[in-house]
Amino acid sequence: MRILVISAHPDDEVIGAGGTLARHVAHGDDVYWCVVTEGYNPPWPPELLAEARKQVHAVQRFLGIKHVSFCGFPTVKLNTVPNIELTSALQTVVDDVRPDIVYTTPHCDVNLDHRVVCEATIVATRPLPGCSVKRLLSYEIAPTTRFGPQPFAANVYVDISAFLDKKLEAMNCYKTELREFPHPRSLRGLELLARERGLGIGVEAAECFQLIREIF
């Protein structure tokens, strides 16, 4: 299978689906990745922006992702980007990759970039004739999905017990994004959430998703 994960910001994909992506790669699936936004100067210094790009490629190599695409839209400013530009950029990626499964950011989220990317992904993967996408899911990004206008309605769970360490090691590549526990973007915080989600389905660790659309 061909898998496409879309992240509004680098680290969304590991926080929400890092274990699932590692599982896909281990099962022989081809995984592709699209990063929608990037930082800019000012306020971020050039050396930090260069380091951020290096971290993306480190995660790509570590997880075994075949290719990463950069849309280059301004982070935390997606509400200023014309909708047609964003959806067209994502449509181009979808047309190039022709994925069977797409993972995207959650719509039930206080982070506006996450909501905008989710909406654009739904448009870019709409089931028109010739569309390859058979399954579209959004992933959980704690804690922003817990404080959104609506609760994140998880209805798909993936057992990542064998891939939890891989998820945490991938997150460890994001040196500029990691925080100290009890911040949810800490390694311990990610581990506890995965184990909490695992308890809900009787396994050691899990990631959860909201199924947006599935075509048999």
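The values are calculated or read from the model by the stated rules, or taken from the named source; none is laboratory data. Keep in mind that this is a model prediction, so the values were computed, not measured. No Cβ is skipped: glycine too gets one built from the backbone with ideal geometry, and neighbour counts run over all protein chains shown. Just so you know, the surface numbers come from the protein's heavy atoms only, side chains and all, with ligands and any DNA or RNA stripped out. Shrake-Rupley method; radii C 1.70, N 1.55, O 1.52, S 1.80 Å.
Add -39500 (n - 2.57) for each DSSP H run of 4 or more in the chain, then divide by its residues: what number comes out at 222 nm, to the nearest 500 deg cm²/dmol?
-12000 deg cm²/dmol
Given K66/K134; K77/K134; K66/K167, which pairs have Cα atoms separated by over 22 Å? The partial results should precede the final answer.
Values: K66/K134 20 Å; K77/K134 30 Å; K66/K167 17 Å.
Pairs exceeding 22 Å: K77/K134.
Keeping the other protein chains in place, figure out the carbon and sulfur percent of the accessible area of the chain, with a 1.4 Å probe.
55 percent
Under 8 Å for C-alpha pairs, at least 6 residues apart: give me the relative contact order for the chain, rounded to a whole percent.
The value is 25 percent.
How large is the dipole of the chain about the Cα centre if only Lys and Arg carry +1 and Asp and Glu carry -1, each at its Cβ, rounded to the nearest 20 debye?
Roughly 120 debye, rounded to the nearest 20.
Taking the Cα centre of segment 98-172 as origin, work out the dipole magnitude from +1 charges on Lys and Arg Cβ and -1 charges on Asp and Glu Cβ, in debye rounded to 20.
Roughly 260 debye for segment 98-172.
For N155 and R195, calculate 0.36 nm times their separation in residues minus their Cα-Cα distance, and state this gained length in nm to one decimal. Working shown, then result.
Details: separation 40, 0.36 × 40 = 14.40 nm, distance 1.69 nm.
Taking N155 through R195 to full extension adds about 12.7 nm, to one decimal.
What is the calculated FRET efficiency for E204 to F147, with r their C-beta to C-beta distance and R₀ = 22 Å, to the nearest 0.05?
So, using R0 = 22 Å, E works out to roughly 0.25.
As I understand it, the dipole of the chain uses +1 on the Cβ of Lys and Arg and -1 on the Cβ of Asp and Glu, about the Cα centre. Which of M171, I215, V203 lies farthest toward its positive end?
Comparing the listed Cα positions along the dipole, I215 ranks first.
Once amide H atoms are placed 1.01 Å from N in the peptide plane, what residues at a sequence separation of 5 or more from V133, or on another chain, have their amide H within under 5 Å of its amide H?
Amide H neighbours of V133, under 5 Å, 5+ apart: none.
So, by mean Cβ neighbours within 10 angstrom, what's the order for 136-142, 5-11, 165-171 with the highest one leading?
Packing proxy ranking, top to bottom: 5-11, 136-142, 165-171.
For segment 108-216, divide the Cα radius of gyration by the Kirkwood radius and give the resulting Rg/Rh value with two decimals.
Radius of gyration relative to Kirkwood radius: 1.00.
R0 = 35 Å: FRET efficiency of L187 with N79, Cβ-based, nearest 0.05?
0.65
Just to be sure I understand: of the beta bridges DSSP finds with both ends in segment 78-216, what percent are antiparallel, rounded to 5?
Expressed as a percentage, antiparallel bridges in segment 78-216 total about 70.
Taking the solvent-accessible surface of protein heavy atoms with a 1.4 Å probe, what is the per residue accessible area of segment 50-98 in Å²?
Result: 54 Å² per residue.
Express in whole angstrom the spacing between the alpha-carbon centres of segment 67-85 and segment 147-162.
25 Å
Can you tell which of N79, H27, V14 lies farthest toward the positive end of the dipole of the chain, using +1 and -1 charges on the Cβ of basic and acidic side chains (Lys, Arg; Asp, Glu)?
H27
May I ask you to give the solvent-accessible area per residue for segment 158-202, in square angstrom, as obtained with a 1.4 angstrom probe?
55 Å²
Under 13 Å from a label point 7 Å along Cα→Cβ of R61: give me every residue in segment 166-200 with its amide N that close.
Within reach of a label on R61: 173.
Which one of V56, V97, H183 has its Cα pushed farthest toward the positive end of the charge dipole of the chain, where Lys and Arg give +1 and Asp and Glu give -1 at the Cβ?
V97
Which helices, taking whole DSSP H runs in the chain, have alpha carbons extending 27 angstrom or more along the helix axis plus mean Kyte-Doolittle at least 1.0? Each step should come with its number before you reach the end.
On the way: long enough: none.
Result, helices passing both filters: zero.
Relative to the present Cα-Cα distance, how much length would full extension add between R213 and R98 at 0.36 nm per residue of separation?
Stretched out fully, the R213 to R98 stretch lengthens by 39.8 nm.
Quick one: Karplus J couplings for segment 35-40, per residue in order, coefficients 6.51, -1.76, 1.60, θ = phi - 60°, nearest Hz, x for Gly and Pro?
Per-residue couplings from phi come out as 9, 7, 10, 8, x, 8 Hz.
Taking the Cα centroid of segment 27-44 and of segment 88-110, what is the distance between the two, rounded to the nearest whole Å?
12 Å
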